[in-house]
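The block underneath contains the structure these notes are about, expressed in structure tokens.
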Amino acid sequence: MHRTEVTGGKTDLFALPWSEEPLPRSRMGPGPMPAREAYQLVADELALDGNARQNLATFCGTWFEPEVRGLMADTLDKNLVDKDEYPQTAEIEARCVRILADLWHAEGEGPAVGCSTTGSSEAAMLAGLALVRRWRARRKASGQASGTPNLVCGPVQVCWEKFARYFDVELRQIPLEPDRTTTDPARVGDFVDENTVGVVATLGVTYTGAYEPVQEIAAALDELRDRTGLDVPVHVDAAGGGFVAPFLEPGLEWDFRVPRVVSVNASGHKYGLAPLGVGWVVWRDAAALPEELVFHVDYLGGSMPTFGLNFSRPGGPVIAQYYTLLRLGREGYRAVQRACADTAADLADGIAELGPFSVLHAGREGLPVTCWTLAADRTEGGWTLYDVAERLRIRGWQVPAYPLPADRGDTVVQRVVVRHGVSRDLARLLLEDLRTELAELRRRGGGAAAQSGFHH
Ligand SMILES: *Cc1c(COP(=O)(O)O)cnc(C)c1O
């Protein structure tokens with residue numbers, strides 16, 4: 001038998017030489033290791049990671065149907081960039097773009113254009129680059145010199161800070177008002193000038209789950225154009241909301257129905273319900289995507305436009321995204337996201353009843369997220385939300401505590417992302433543990449984090 005040969009007659013995995021030493025940490029081993037042993041030892045190391053299903057910090061999917069796993073395994077060898085060799089994978093990607101363009105109401109001068117990316121971060125880079133190019137072309141056409149381009153935004157995800165730094169764009173972040181967690185549309189005009197390439201509005205602010213008022217921001221920019229002639233496009237970072245709002249709030253106009261919106265991105269691997277490694281960016285029409293950014297790859301006698309930062313990329317997540325779109329349809333997505341929103345609201349009710357917390361976002365009119373802070377008048381005992389987060393870790397729950405962004409940094413919040421697979425039962429178990437740990441913190445009159453001054 002093969003295994004006996006390899007293991008020299010010893011059959012127990014943990015009695016093999018490889019198991020009797022720590023795994024190599026900085027230098028390759030001199031020879032091969034049997035596959036099963038290597039697999040077991042690596043898998044065992046991973047047991048030290050947190051349990052992904054209890055990671056309530058992430059927006060990314062952590063539960064998948066066996067069919068998704070099947071397609072991912074089937075497509076392990078498919079390179080998305082080989083459009084010539086895998087024309088059907090390319091066709092599937094194009095179908096997804098058309099489906100999303102339709103979902104987001106793209107009805108521009110011509111057909112919408114778009115592509116898959118590794119996630120919303122790459123999508124943000126591409127959308128940002130398109131804004132810069134278009135601004136530069138506008139400046140050139142009107143015979144004006146280009147200064148340093150700037151991008152105006154509210155409480156954006158870190159990918160926009162990356163974009164700004166990597167591509168030499170000034171990020172003009174509008175400070176948050178003391179009572180707000182989203183951009184005040186009335187202030188946007190103050191930050192815009194002739195070098196503004198665009199305004200980013202976030203549909204589903206990472207910190208709280210709240211939707212920014214896209215329509216009102218666009219209306220403020222309409223007013224600015226009438227007053228000053230500055231005509232500034234809007235990009236919507238719908239990393240989370242792009243796959244939630246169309247199903248739960250179909251009447252909310254945040255997408256291409258707003259004429260000023262030129263492009264939209266979303267993370268397929270978040271509420272898109274696809275496995276990790278896929279995001280999407282769609283432009284209203286070809287005019288919104290400068291031609292010089294698009295590379296044309298010939299395939300099957302046709303020409304496939306590509307735009308991306310990577311060359312090789314896994315095809316699996318894109319194919320699995322198509323599966324989820326097919327499998328669930330609009331009604332299916334609506335049901336999944338509705339269940340999440342209901343659970344987030346139920347959890348918010350439970351958390352409000354505990355006493356010391358004040359709920360900032362209860363899963364409605366925004367992402368299915370529950371976000372809370374310590375009510376200002378309730379800091380008895382000296383413990384903080386960091387202590388609460390630490391105590392919840394004892395039962396495996398990962399519920400981060402962190403400060404709100406710029407100008408509201410003194411407000412620390414805690415957030416639970418309710419997503420596919422976070423059932424009502426799991427949420428109740430979390431709530432029961434929260435109640436228990438709260439009693440423990442009160443009994444001790446302060447937690448370890450409070451005592452050691454521990455902060456993230
Ligand atoms: C998660 C997130 C991103 C980054 O998306 P990835 O898909 O993780 O790269 C960008 N913007 C917002 C609002 C997000 O929530």
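The values are calculated or read from the model by the stated rules, or taken from the named source; none is laboratory data. Keep in mind the model is a prediction, meaning the values are calculated, not measured. For neighbour counting, all protein chains shown are included, and Cβ atoms are generated from backbone atoms with ideal geometry for every residue, glycine included. Remember, those area values only see protein heavy atoms, side chains included, never the ligands or the DNA or RNA. Shrake-Rupley method; radii C 1.70, N 1.55, O 1.52, S 1.80 Å.
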**Message:** At 27 angstrom or more along the helix axis (alpha-carbon based) and mean Kyte-Doolittle of -1.0 or higher, what helices does the chain contain? Whole DSSP H runs only.
**Reply:** 120-141, 316-353, 424-444
**Message:** Accessible area per residue for the stretch 242-290 in Å², computed with a 1.4 Å probe and the full protein assembly in place, what is it?
**Reply:** 22
**Asked** Could you list, bin by bin from short to long, the percent of Cα-Cα pairs of the chain in 10 Å steps?
**Response** 4, 18, 25, 24, 17, 8, 2, 0, 0
**Asked** Given C-alpha coordinates of the stretch 184-268, what is the ratio Rg to Rh with the Kirkwood estimate of Rh?
**Response** 0.97
**Selection from C96, Q173, V369, by position along the positive dipole direction of the chain (Cβ)** = V369
**Item:** Extent along principal axes [Cα atoms of the stretch 1-119; Å; largest to smallest]
**Value:** 70, 39, 30
**Prompt:** Roughly how big is the stretch 1-160's charge dipole about its Cα centre, with Cβ charges of +1 (Lys, Arg) and -1 (Asp, Glu), in debye to the nearest 20?
**Reply:** 1060
**Asked** Dipole of the stretch 334-452, Cα-centred, from +1 at each Lys and Arg C-beta and -1 at each Asp and Glu C-beta, to the nearest 20 debye?
**Response** 300
**Asked** So what J values fall out for the stretch 272-281 if you push phi through Karplus, 6.51 cos²θ - 1.76 cosθ + 1.60 with θ = phi - 60°, rounded to Hz, Gly and Pro as x?
**Response** x, 6, 8, x, 4, x, 9, x, 9, 9
**Message:** On a straight-distance basis, which aspartates and glutamates could pair with K78 in a cross-link, Cα separation under 19 angstrom, same-chain partners fewer than 8 positions away excluded?
**Reply:** E67, E91, E93, D298
**Request:** State which stretch of the chain is the longest one without any exposed chymotrypsin sites (Phe, Trp or Tyr not before Pro), exposure meaning a DSSP loop state and at most 13 other Cβ atoms within 10 Å.
**Result:** 168-310
**Request:** Using amide H atoms built 1.01 Å from N in the peptide plane, name the residues 5+ places from V297, or on other chains, whose amide H lies under 5 Å from its own.
**Result:** M304, T306
**Asked** Which percent of the accessible heavy-atom area of the chain goes to carbon and sulfur, probe 1.4 angstrom?
**Response** 53
**Message:** With only alpha-carbon atoms in the gyration tensor, what are the semi-axes of the equivalent ellipsoid for the stretch 317-372, in Å, largest first?
**Reply:** 31, 10, 8
**the chain, helix-only ellipticity at 222 nm - DSSP H runs n ≥ 4, -39,500 (n - 2.57), divided by all residues, nearest 500** = -12000 deg cm²/dmol
**Message:** Using C-alpha positions alone, give me the convex hull volume of the stretch 244-314 per residue in cubic angstrom.
**Reply:** 133
